[in-house]
């Protein structure tokens, strides 16, 4: 089949979206599908654009990638982002129509306007649309206090309803997200659960680590936060925990990433004179396993206000790397995964004392760290397989090719 994949980010951009969508595209291509990706060019103010500006069109690992020019929609004010998401959608429509006939369209959401773009393109070829629903918008924005204007919320809710109504299938990454969509009246047969996967084959092996040498970490206990420092991520609880542990010379915090909350965290670290916290920029995708391998434990945090079933994709990467997780999370799917896997310890969101205590206890107990790491790796192998997850998408496409009698396209996982 000719498959069009629409995504807001794609390599060389350093984001979890880029990893997931590139692996999906490449695995579908390896199964014999002709895959075309429509993605924006990295905005000029992002590091990926200046270091490795990609061409407008190229072949990457068996996938045709077409990049469209867009106004910046990352690391810009919220009002600007809201507008540029629609200009992004317009560019994607233009690029998608120019890409030629496709038999199916897969689109990553948010941003919600991309689902509308996918619908417009798919309608041209009478093709089904699969929406990968990563976050439940606009509810996630409401939870974080980022969307209050009635007009804006009205537009976003219209886009959400339209995306769900016109999609042939909705793919969510957790059971909680599926339950939420079903509670909104979506047909059960339309919603499919595919977890955000991890390629365990890319896990680094234990041994000498380049990051420990580069950062002169020696044998110190390294607490790592790696990824986007956005509105949903609680950076303040991390800085507070570091402050509580400032007198323990064994422990150092490494915060690697970027986002709207990084500047706030850096300012607090500087004002308090915390010498046990180091900041790194977003690291290249191919070095991420080595970065996690350099850590003794890894942090996952979410704001207490996050009520939708968000599962940060970094959880899978940490579990696969056999590193224990220390998490400050609200009740929900993300916390359930950490606890059920046996690969980490959770405290309530915002509980800096609990976070510091858990870190201190792990620093003093190598056997517990090893046991959590091994349990996490087993869980990742059993439940977060890249092969199984991308294979579920391939099976869905086969239903579009020749729907079986009595089986609805997009039927939920048994």
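Paramagnetic label reach from residue 305 (point 7 Å along Cα→Cβ; backbone nitrogen cut-off under 13 Å): within the stretch 140-170, residues 140-149. Arranged from fewest to most other beta-carbon atoms within 10 Å of their beta carbon, 214, 26 become 214, 26. Using the Cβ-Cβ distance between residue 214 and residue 97 with R0 = 30 Å, the FRET efficiency computed as 1/(1 + (r/R0)^6) comes to roughly 0.05. Each Cα pair under 8 Å and six or more residues apart adds its separation to the average, and for the chain the resulting relative contact order is 14 percent.
Could you tell me how many degrees, from 0 to 90 and to the nearest 10, lie between the Cα long axis of helix 262-272 and the main elongation axis, the longest principal axis, of the Cα atoms of the chain? For 262-272 against the chain, the angle is about 10 degrees. The C-alpha atoms of the chain define a longest principal axis, and helix 352-363 lies at about 70 degrees to it. Annotation: extensible slack from residue 395 through residue 157 equals 82.6 nm (criterion: 0.36 nm per residue apart, minus Cα-Cα distance).
Debye calculation, C-alpha points only, no solvent: report log10 I(q)/I(0) for the stretch 186-268 at q = 0.10, 0.19, 0.20, 0.26 Å⁻¹, in the same order as the q values. Calculated log10 I(q)/I(0) at the listed q: -0.41, -1.02, -1.07, -1.25. Here the sum of -39500 (n - 2.57) over DSSP H runs of 4 or more residues, divided by the residues of the chain, equals -13500 deg cm²/dmol at 222 nm, to the nearest 500.
Mind giving me the FRET efficiency for residue 123 and residue 266? R0 is 41 Å, r the Cβ-Cβ distance, nearest 0.05 is fine. The pair residue 123/residue 266 has a calculated efficiency of 0.35. Just checking the listed ones, 380, 183, 368: in the Gaussian network model of the chain with Cα springs under 10 Å, the one fluctuating most is 183. Once the Cα atoms are used to define both axes, helix 366-383 deviates from the longest principal axis of the chain by about 10 degrees.
Here the calculated FRET efficiency for residue 53 and residue 279, from their Cβ-Cβ distance with R0 = 35 Å, stands at 0.90, rounded to the nearest 0.05.
On full extension of the chain, what length is gained from residue 90 through residue 69, given 0.36 nm per residue of separation minus the C-alpha to C-alpha distance? Result for the pair: 6.5 nm of gain on full extension.
For the stretch 346-388, the residues whose backbone nitrogen is under 14 Å from a point 7 Å from the Cα of residue 340, taken along Cα to Cβ, are 379-385. How large is the direction-averaged shadow of the alpha-carbon convex hull of the stretch 201-383, in nm²? Result: a mean projected hull area of 9.4 nm².
Short-range pairs are left out: with C-alpha atoms under 8 Å and at least six residues apart, the relative contact order of the stretch 201-383 is 23 percent.
Read-outs throughout are calculated quantities, based only on the coordinates presented, and are distinct from any laboratory measurement. Predicted model only: the values in this text are computed from it and were never measured. Because the Cβ atoms are built from the backbone with ideal geometry, glycine has one as well, and the counts that use them run over all protein chains shown.
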